[in-house]
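The values are calculated or read from the model by the stated rules, or taken from the named source; none is laboratory data. Predicted model, so just to flag it, every value in this text is computed and none were measured. Note that each Cβ is placed from the backbone with ideal geometry, even for glycine, and that neighbours are counted across all protein chains shown.
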Amino acid sequence: MKKKIAGICVVIVSLVLLSFTPPAERYFEIAKNLDIFASLFKEVNSLYVDELNPNKTIRTGIDAMLNSLDPYTNFISEDEVEDFRTLNTGQYGGIGALTRQINNRTVVTMVYENYPAYKNGLRIGDEVVKMDGIELSRITVEEANHLMRGQVGTNVKLTIKRMGQPNPIELEFKREKIKISNVPYFGMMSDDTGYIQLTEFTPDAGKEVKNALVKLKEQGAKYLILDLRGNPGGLLLESVNICNLFIPKGKKVVDTKGKVENSNITYETLNAPVDLEIPVTVIINRGSASASEIVAGTLQDYDRAVVLGERSYGKGLVQVGRPLSYNSQVKITTAKYYTPTGRCIQVLDYTHRREDGSVGSIPDSVKKEFRTSRGRKVYDGGGIDPDIKVDGQDMAMITQVIFSKGFIFDYATHYAFNHPTLADAKNFSLSDKEYQDFVSWMKDKTYTVQSPVEIELNELTEEAKQEKVYDDVKPQLDQIRVRLSEARKNELMHNKDQIKQLIEREIVSRYYFEKGSVENSFNHDQEVKAAMQILHNQSEYKKILNIQ
């Protein structure tokens with residue numbers, strides 16, 4: 001024990017001394033270790049039994065180094081810079097279509113109206129076989145993406161397969177400047193309630209939300225739903241602009257604090273608001289991150305909106321891009337951000353997250369309490385806690401499998417081929433007979449589903465064999481397997497409601513594109529229904545926000 005204590009003391013003293021290392025010594029340590037790394041690579045490259053790919057090997061080292069810091073400090077190679085720029089600006093040179101890989105097929109999953117893909121006849125469900133004469137099955141997804149995008153004004157020729165057409169079709173497009181909208185949908189949910197879906201925070205996000213809000217108010221909106229679900233964030237300044245729509249000029253929105261002095265900045269609203277009175281609900285989920293959390297947290301801190309849904313992702317870090325040699329870049333975490341009450345919503349532990357990367361449960365012992373403008377208790381430690389918790393619906397294993405295999409996508413294409421028109425996006429619903437048609441269509445499809453119960457059963461079987469008790473428990477294990485097999489036969493019917501919703505949205509997109517798909521989803525959207533309910537119950541709304 002004495003040795004352990006002595007060892008800990010040595011480590012502490014070493015860290016303290018290191019923190020006061022003079023700059024000259026620190027630069028020497030950096031130069032020394034860079035020299036060691038270069039020498040090591042030269043020796044490995046010359047002596048290793050197999051040929052090395054220097055780009056791949058060095059990239060592995062760079063990624064490992066940056067991953068030891070945090071998940072958001074990343075190296076961007078020259079080949080990745082264009083994708084990085086698209087992510088940050090929402091703009092690229094292309095034709096205005098999204099594609100997805102399904103079983104080595106490149107299929108069109110969305111066509112944006114008023115862009116070349118739409119105007120020249122590309123359809124959702126088309127399979128892209130060749131691009132400028134190059135077979136897509138022989139190149140990677142990344143290579144195909146680079147072929148699809150290019151300089152504005154240049155041409156690209158696609159060879160596609162289309163259901164009902166015996167021969168491939170050739171279509172040619174002239175690339176245009178494509179601007180991905182931050183607000184893909186806004187509209188009236190009822191006579192008095194407006195809805196805005198905000199999916200990104202690229203340039204003009206604040207302007208797009210403002211325009212949507214003004215138009216909804218002109219249409220009679222007295223209440224507002226702002227949907228930030230699945231929004232990964234983006235530009236911090238755009239989150240300030242959006243908060244400014246609902247809170248007065250001169251109010252603090254966010255502080256950023258970092259090691260370098262110029263990282264310590266207070267961001268305040270600069271303009272007159274659009275509406276200080278309209279009741280607002282902000283919907284978030286575990287995919288709402290970064291700038292989304294600034295908007296939700298700031299409006300919550302000022303008691304300006306009721307936040308509803310799931311706990312948000314928990315990313316309270318600010319990144320800055322810096323140019324490197326050979327047209328590469330690095331994105332570095334330079335600061336943490338804090339909402340007006342002083343909350344940092346950054347999750348305290350990077351390692352313990354759900355499979356999708358979001359925050360799980362946070363122990364109360366690590367949370368710190370803060371108070372909103374009207375004295376409500378709010379907490380930091382990992383994401384924004386909603387005022388009203390509404391859990392999102394997790395996909396059943398069978399639903400995940402048939403979606404990832406593309407069966408839902410392909411059936412929607414099949415349905416649209418046999419139904420040239422669709423009367424209404426909002427109210428479209430598959431009848432029981434039509435869903436049974438889907439079940440029949442699935443009978444000759446091959447797929448494997450292994451539920452968590454089956455995984456545990458297999459693990460239990462292996463443990464029983466290792467413990468030499470398998471023969472004793474085999475009858476019981478076999479009985480469970482038989483029952484699971486029987487249940488499997490009816491999985492498509494057991495999960496009918498969930499699968500049916502996905503099919504309906506996919507079908508509607510064939511006729512009414514992204515807008516129709518969003519409108520159709522409202523039929524089953526529990527979070528939107530809960531938001532409508534709280535907005536129309538103003539006594540409860542005011543009670544939550546401590547409005548007297």
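Out of 334, 339, one residue alone is outside the structural domain of residue 539 (by TED's automatic domain parsing) and surrounded by 24 or more Cβ atoms within 10 Å (Cβ to Cβ). It is 339.
Given the criteria of a type in the set (S, T, N, Q) and over 28 Å from the mean Cα position of the chain (by Cα), does residue 140 qualify? I'd like the intermediate steps shown before the answer.
Numbers: of a type in the set (S, T, N, Q): yes; over 28 Å from the mean Cα position of the chain (by Cα): no.
In short, no.
In segment 63-102, the residue that is farthest from residue 201 (Cα to Cα) out of those that are out of contact with any helix residue (DSSP H, G or I) (no Cβ under 6 Å at 6 or more places or on another chain) and among the hydroxyl-bearing types (Ser, Thr, Tyr) is 68. Under the condition of being outside any helix (DSSP H, G or I), in contact (Cβ under 8 Å) with a residue 12 or more places away in the chain and charged (D, E, K, R), the residues counted in segment 523-539 number 0. The residues of segment 24-69 that are in a helix (DSSP H, G or I) and small (Gly, Ala, Ser), listed by number, are 24, 31, 38, 39, 46, 61, 64. Residue 254 - would you say it is over 21 Å from residue 534 (Cα atoms) and in contact with a Phe, Trp or Tyr (Cβ under 8 Å, 6 or more places away or on another chain)? The answer is yes for residue 254. Checking every residue in segment 423-446 against the condition of being in a loop (DSSP other than H, G, I, E, B), over 21 Å from residue 505 (Cβ atoms) and of a type outside the set (D, E, K, R) gives at least one match.
When the residues of segment 276-319 are filtered to those that are of a type outside the set (A, V, I, L, M, F, W, C) and touching a Leu at 6+ places or on another chain (Cβ under 7 Å), the one that is surrounded by the most Cβ atoms within 10 Å (Cβ to Cβ) is 288.
I'd like to know if segment 486-503 contains one or more residues that are hydrophobic (A, V, I, L, M, F, W, C), modelled with pLDDT under 95 and buried (at least 16 other Cβ atoms within 10 Å of the Cβ). Break it down stepwise before answering.
Start the filter on segment 486-503 by keeping residues that are hydrophobic (A, V, I, L, M, F, W, C), which leaves 487, 492-493, 499, 502-503.
Applying the additional criterion that residues be modelled with pLDDT under 95 yields 487, 492-493.
Subsequent filtering for residues that are buried (at least 16 other Cβ atoms within 10 Å of the Cβ) retains 492.
Within segment 486-503, one or more residues are hydrophobic (A, V, I, L, M, F, W, C), modelled with pLDDT under 95 and buried (at least 16 other Cβ atoms within 10 Å of the Cβ).
Here are 339, 269, 281: which of them is of a type in the set (Val, Ile, Thr), more than 20 Å from residue 84 (Cβ to Cβ) and in contact with a Cys (Cβ under 7 Å, 6 or more places away or on another chain)?
On the way: 339 fails: in contact with a Cys (Cβ under 7 Å, 6 or more places away or on another chain); 281 fails: in contact with a Cys (Cβ under 7 Å, 6 or more places away or on another chain).
The match here is 269.
Every residue in segment 144-192 that is in contact (Cβ under 8 Å) with a residue 60 or more places away in the chain, within 14 Å of residue 134 (Cβ to Cβ) and over 24 Å from the mean Cα position of the chain (by Cα), please. Matches in segment 144-192: 156 only.
Consider segment 391-448. How many of its residues are of a type in the set (Ser, Thr, Tyr) and in contact (Cβ under 8 Å) with a residue 12 or more places away in the chain?
9
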